[in-house]
Amino acid sequence: MDDVAGVAPDAQGLTGTALADPRYRELDAVVRRYHRRPDSLIEVLHVAQRLFGYLPREVLVYVARSLAVPPSLVYGVATFYHFFSLTPRGRHTVTVCTGTACYLKGAGRILQALERATGIAAGGVAPDGTLGIEAVRCLGPCSQAPVVVFDEEVTGELTPEDVLRRLRGWGGDDA
């Protein structure tokens with residue numbers, strides 16, 4: 001089986017491309033720890049994203065081959081869950097829930113305020129890579145609507161002003 005660059009894997013399953021990048025060695029160790037079981041896909045993708053910062057195409061193909069699953073399955077899982085990203089994210093990320101409860105409680109206004117203040121559209125990253133803004137359909141804690149996640153800290157019952165106050169010092173144009 002060839003890797004994405006067409007180089008045959010070594011005895012551990014690593015390829016020429018992967019051998020040159022220590023992140024692949026760490027990812028391969030995780031795959032082996034899970035005994036290359038296809039049902040470990042989500043856990044392996046979490047590790048891959050932590051290692052690479054996002055899930056580039058080459059990594060998705062590498063994971064598919066390492067777990068002996070179709071690349072379409074890996075891509076489907078990576079695009080289904082909001083916590084996976086196929087593009088680079090900002091050093092800091094603000095995620096706004098736009099599910100029904102959050103939207104009714106002001107998530108739309110929060111997202112508009114973020115986009116206006118930072119110049120970054122939802123799904124985008126600041127040119128300097130400091131800040132990314134995401135909008136997701138539902139985060140779950142609807143009783144705290146509107147819900148916003150700052151990096152990994154879930155917060156609720158916020159106003160646009162609260163969110164902009166939290167962003168000071170994170171980057172972007174005026175945040």
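G106 meets each of the listed conditions (1) out of contact with any Asp or Glu (no Cβ under 9 Å at 6 or more places or on another chain); (2) free of Cβ contacts under 8 Å to residues at least 40 places away in the same chain apart from (2). Considering G140, G172, the condition of being touching a Gly at 6+ places or on another chain (Cβ under 9 Å), closer than 22 Å to L104 by Cβ and modelled with pLDDT under 95 is satisfied by G140 alone. Of the residues that make up segment 11-24, is at least one modelled with pLDDT under 90, open to solvent by less than 20 Å² (accessible area, probe 1.4 Å), of a type outside the set (K, R) and in a helix (DSSP H, G or I)? Yes, the conditions are met somewhere in segment 11-24.
A quick yes/no check of all residues on (1) under 19 Å from D21 (Cα atoms); (2) basic (K, R); (3) touching a His at 6+ places or on another chain (Cβ under 6 Å):
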| residue | (1), (2), (3) |
| --- | --- |
| P38 | no, no, no |
| L60 | yes, no, no |
| R65 | yes, yes, no |
| F80 | no, no, no |
| F84 | no, no, no |
| T93 | no, no, no |
| G108 | no, no, no |
| G119 | no, no, no |
| A122 | no, no, no |
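Might you let me know whether segment 118-137 holds any residue that is part of a helix (DSSP H, G or I) and open to solvent by 20 Å² or more (accessible area, probe 1.4 Å)? No, every residue in segment 118-137 fails to be part of a helix (DSSP H, G or I) and open to solvent by 20 Å² or more (accessible area, probe 1.4 Å).
Across segment 148-168, a minimum of one residue is classified as closer than 25 Å to V59 by Cα and touching a residue at least 40 places away in the same chain (Cβ under 8 Å). In segment 43-97, of all residues being of a type in the set (G, A, S) and open to solvent by 20 Å² or more (accessible area, probe 1.4 Å), the one that is nearest to the chain's Cα centre (by Cα) corresponds to G53. Could you tell me whether segment 29-40 includes any residue that is open to solvent by 70 Å² or more (accessible area, probe 1.4 Å), under 23 Å from the mean Cα position of the chain (by Cα), under 19 Å from T87 (Cβ atoms) and modelled with pLDDT of 95 or more? No: zero hits.
Does any residue of segment 80-103 turn out to be at positive phi and out of contact with any helix residue (DSSP H, G or I) (no Cβ under 8 Å at 6 or more places or on another chain)? Checked against the condition, which is being at positive phi and out of contact with any helix residue (DSSP H, G or I) (no Cβ under 8 Å at 6 or more places or on another chain), segment 80-103 yields no hits at all.
Kindly establish whether R116 is of a type in the set (K, R) and farther than 26 Å from G140 by Cβ. So R116 fits the description; yes. Restricting attention to segment 45-64, the residues being more than 19 Å from R89 (Cβ to Cβ) and aliphatic (A, V, I, L, M) number 2.
The values are calculated or read from the model by the stated rules, or taken from the named source; none is laboratory data. What you see is a predicted model; the values in this text were computed from it and never measured. With ideal geometry, Cβ positions are generated from the backbone for all residues, glycine too; neighbour counts draw on all protein chains shown. The area values use the complete protein model at the heavy-atom level, side chains included, leaving out ligands, DNA and RNA. Shrake-Rupley method; radii C 1.70, N 1.55, O 1.52, S 1.80 Å.
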